[in-house]
Amino acid sequence: MLVIRRRAGESILIGPDIEIEILDAGVNRVKLGIVGPRSIQVIRKEVKLTAETNLSAGLLSVELKDLIVKKLARIPQAPANTSDKTPESEYSGHPIQAENLDPT
Amino acid sequence: MAQILSRYFGSFDTREREVVHFPDGLPGFEDQTHYAALSIPGQEPILYLQSITRPELCLITLPARVFVPGYQLDLSPEEQEALALPLGSEMRIGKEIACQVIVTVDQGHEPAANMAAPLVINLSNHLGIQVFQAGSNYSFRYPIAEALQPDGC
């Protein structure tokens, strides 16, 4: 990894047409200004990681869903047997909890 | 639209369910903003979040503290605003808000939970957002089986 020290107001250039300027450097965070062609997508890394994880989690086959449920039930402390150990199990008794589901 | 379809659960009526609204959708599913909350007897505390417009989209979630009992949530002022939680108001997991993690399978087909980006739901208005916990060392694919093994096993 290339490491470069910069101060607020200074910039780096990546390739011929991308500039990243340090607009502000605080104790915990820095503010960046990014200039580049519209064709280059700029996103926060965690958004990409979250999207990848969501995409893999949200569209599981019925078989994989059943596998997860089975494995969760087999683990001694989770999840059906954890009610005593999770005093803040947020959905118990709360109206957001769906009623008994009757699969059709 | 009251009757919705689910790949996992067939069809059911959303009027009988709580529906969580994620105004910005979720990363990867930006166009899916409304999810019916379903729990199945015998499978608690699993909470399924079934998209009401996309039958094959259903998230398997559990309270974060099932896996990490001391799980701490850090919400920025912007995130509180997105949930319509007044600044300075109490935000207790299990009281005012729910903190659910999404479970998937890793490459070895073992369940893994996304502890790094939990779903936070305001329990009073059912607004939700997915928040990235910057600065935490929580993993996007936390191996559940390992986490729940008793000490010494």
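The values are calculated or read from the model by the stated rules, or taken from the named source; none is laboratory data. The shown structure was predicted, so the numbers you read here are calculated from the model rather than taken from an experiment. Cβ placement follows ideal geometry from the backbone for every residue including glycine, while neighbour counts extend to all protein chains displayed.
Provide a single number: the residues in segment B:92-136 that are more than 10 Å from chain A (Cβ to nearest Cβ), more than 25 Å from A:Ala73 (Cβ to Cβ), outside any strand (DSSP E or B) and not hydroxyl-bearing (Ser, Thr, Tyr).
1
Going through B:Leu5, B:Leu87, B:Leu73, B:Leu59 one at a time, which residue ends up being buried (at least 22 other Cβ atoms within 10 Å of the Cβ) and aliphatic (A, V, I, L, M)?
Values: B:Leu5 fails: buried (at least 22 other Cβ atoms within 10 Å of the Cβ); B:Leu87 fails: buried (at least 22 other Cβ atoms within 10 Å of the Cβ); B:Leu73 fails: buried (at least 22 other Cβ atoms within 10 Å of the Cβ).
The unique qualifying residue is B:Leu59.
Only one of (1) buried (at least 22 other Cβ atoms within 10 Å of the Cβ); (2) in a helix (DSSP H, G or I); (3) of a type outside the set (D, E, K, R) fails for B:Ala145. Which number is that?
Condition not satisfied by B:Ala145: (1).
From the list A:Asp17, A:Asp84, which one is modelled with pLDDT under 90, over 15 Å from B:Ile46 (Cβ atoms) and of a type outside the set (Lys, Arg)? Outline the logic, then answer.
Values: A:Asp17 fails: modelled with pLDDT under 90.
Sole residue among the options that is modelled with pLDDT under 90, over 15 Å from B:Ile46 (Cβ atoms) and of a type outside the set (Lys, Arg): A:Asp84.
Can you say whether B:Asp74 is touching a strand residue (DSSP E or B) at 6+ places or on another chain (Cβ under 9 Å) and modelled with pLDDT under 95, as far as the supplied structure shows? Spell out the reasoning first.
Working: touching a strand residue (DSSP E or B) at 6+ places or on another chain (Cβ under 9 Å): no; modelled with pLDDT under 95: yes.
No.
Is it fair to say B:Ile60 is more than 9 Å from every other protein chain (Cβ to nearest Cβ), part of a strand (DSSP E or B) and touching a helix residue (DSSP H, G or I) at 6+ places or on another chain (Cβ under 7 Å)?
The answer is no for B:Ile60.
Identify all residues within segment B:40-51 that are under 16 Å from the mean Cα position of the chain (by Cα) and surrounded by fewer than 20 Cβ atoms within 10 Å (Cβ to Cβ); write none if there are none.
Listed by number, the residues that qualify are B:Ile40, B:Gln43, B:Glu44.
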